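Q: Provided herewith is a single structure, encoded as structure tokens, for subsequent inquiry.
The values are calculated or read from the model by the stated rules, or taken from the named source; none is laboratory data. Note that the structure is a prediction, hence the values are computed from the model and not measured. Methodologically, a virtual Cβ is constructed for each residue, glycine included, from the backbone with ideal geometry; neighbour enumeration extends over all protein chains shown. With ligands, DNA and RNA removed, areas are computed over all heavy atoms of the protein, side chains included. Shrake-Rupley method; radii C 1.70, N 1.55, O 1.52, S 1.80 Å.
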Amino acid sequence: MPIVTIQQGPREATQKRELVEKVTEAFVQALEVPAESVFVWIQEYPAENWGVAGKLTADR
């Protein structure tokens, strides 16, 4: 049972649906497992809760 965790900034539900579909598809093809066994968790973080290159993403 593959469990995938994706950490990202907030996205629209339509984008997350597509992401979950494509990630699941990749695991089905690569590992030859049924789609029902692939769990995808999306953790979203607001821009003020993460940074890149020494700066908060909210400040970029």
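Q: Run the numbers on the chain and let me know its relative contact order in percent, using alpha-carbon pairs under 8 Å that are six or more apart.
A: Relative CO of the chain lands at 42 percent.
Q: Moving to a separate point now. Calculate one ³J(HN,Hα) per residue across segment 21-38 by plugging θ = phi - 60° into the Karplus curve 6.51 cos²θ - 1.76 cosθ + 1.60, and present them in order as whole Hz with x for glycine and proline.
A: Calculated HN-Hα couplings, in order: 4, 6, 5, 4, 4, 5, 5, 4, 6, 6, 9, 6, 10, x, 4, 5, 9, 9 Hz.
Q: For the chain, give me the percentage of DSSP beta bridges that are antiparallel, rounded to the nearest 5 percent.
A: Restricted to the chain, the bridges split so that about 25 percent are antiparallel.
Q: Express in whole angstrom the spacing between the alpha-carbon centres of segment 1-22 and segment 26-45.
A: 10 Å
Q: Which order do peptides 7-15, 26-34 fall in by mean Cβ count within 10 Å, highest first?
A: With the highest mean Cβ count within 10 Å placed first, the list reads 26-34, 7-15.
Q: If you don't mind, another one. Out of the total accessible area of segment 1-52 (probe 1.4 Å, heavy atoms of protein only), what percent is carbon and sulfur?
A: Within segment 1-52, the accessible surface is 55 percent carbon and sulfur.
Q: Skip the ligands, DNA and RNA, and give the accessible area per residue of the chain with a 1.4 Å probe, whole Å².
A: Here the per-residue accessible area is 79 Å².
Q: Would you please give the residues with an amide H less than 5 Å from that of V38, counting only those at least 5 places away or on a separate chain, with H modeled from the backbone geometry?
A: Those lying under 5 Å, H to H, from V38: there are none.
Q: So who's got an amide H within less than 5 Å of the one on G51, skipping anything under 5 residues away but keeping other chains? H placed 1.01 Å off N, in plane.
A: T57
Q: Can you tell me the equivalent ellipsoid semi-axes for the chain? Use √(5λ) from the Cα gyration tensor, largest first, whole Å.
A: Numbers: eigenvalues 166, 27, 15 Å².
Three semi-axes, in Å: 29, 12, 9.
Q: Can you compute the charge dipole magnitude of the chain about its Cα centre, using +1 on each Lys and Arg Cβ and -1 on each Asp and Glu Cβ, nothing else charged? Give it in debye, rounded to the nearest 20. Don't jump to the answer; show the numbers that get you there.
A: On the way: 6 positive and 9 negative charges, 47 e Å.
That gives a dipole near 220 debye.
Q: Next question, about the same structure. Could you derive backbone 3J(HN,Hα) for segment 49-54 from the dihedral phi with the Karplus parameters 6.51, -1.76 and 1.60 (θ = phi - 60°), listing whole Hz in sequence and x where the residue is Gly or Pro?
A: These are the phi-based 3J(HN,Hα) values: 10, 7, x, 9, 6, x Hz.
Q: To continue, here is another question. Put +1 on the Cβ of every Lys and Arg and -1 on every Asp and Glu Cβ in the chain; which of V40, V23, A13 then has its Cα farthest towards the positive end of the dipole?
A: Result: A13.
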